[in-house]
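Quick notes on the structure that follows.
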Amino acid sequence: MLNIQITSTTIRYAEGVVSTVHVQFQSQDPEGTITLNGYIPLSAEEYEQNEALPALTEVVRTKLINRLQPEVG
């Protein structure tokens, strides 16, 4: 399993309210042979519902896996 570490969040505002949040992360597999980093964009609602670090990490993990394993159809 990938170890995901949230490194920062960048909150973007539009007209004084949160519009999107970019959640920057670093990730590494247990053997240290695969590393990933980048950011996952979240809507304001997604971020507000998952603001705690454990929940935010799981959202990033889920979105990262979905990006790596797109639906075939």
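Things worth noting here:
- Residue among Thr35, Thr20 that alone is surrounded by 10 or more Cβ atoms within 10 Å (Cβ to Cβ), touching a residue at least 24 places away in the same chain (Cβ under 8 Å) and polar (S, T, N, Q): Thr20
- Of note, Val72 satisfies the criterion of being among the aliphatic types (A, V, I, L, M) and without any contact (Cβ under 8 Å) to a residue 24 or more places away in the chain.
- Of all residues in segment 38-51 being hydroxyl-bearing (Ser, Thr, Tyr) and part of a strand (DSSP E or B), the one that is surrounded by the most Cβ atoms within 10 Å (Cβ to Cβ): Tyr39
- Cross-chain or 6+ apart pairs with Cβ under 8 Å, segment 3-14 first and open to solvent by less than 50 Å² (accessible area, probe 1.4 Å), then not in a strand (DSSP E or B): Ile4/Thr57; Ile4/Val60; Ile4/Arg61; Ile4/Leu64; Ile6/Leu53; Ile6/Leu56; Ile6/Thr57; Ile6/Val60
The values are calculated or read from the model by the stated rules, or taken from the named source; none is laboratory data. Keep in mind the model is a prediction, meaning the values are calculated, not measured. Glycine also receives a Cβ, built like all others from the backbone with ideal geometry; neighbour counts cover every protein chain displayed. Just so you know, the surface numbers come from the protein's heavy atoms only, side chains and all, with ligands and any DNA or RNA stripped out. Shrake-Rupley method; radii C 1.70, N 1.55, O 1.52, S 1.80 Å.
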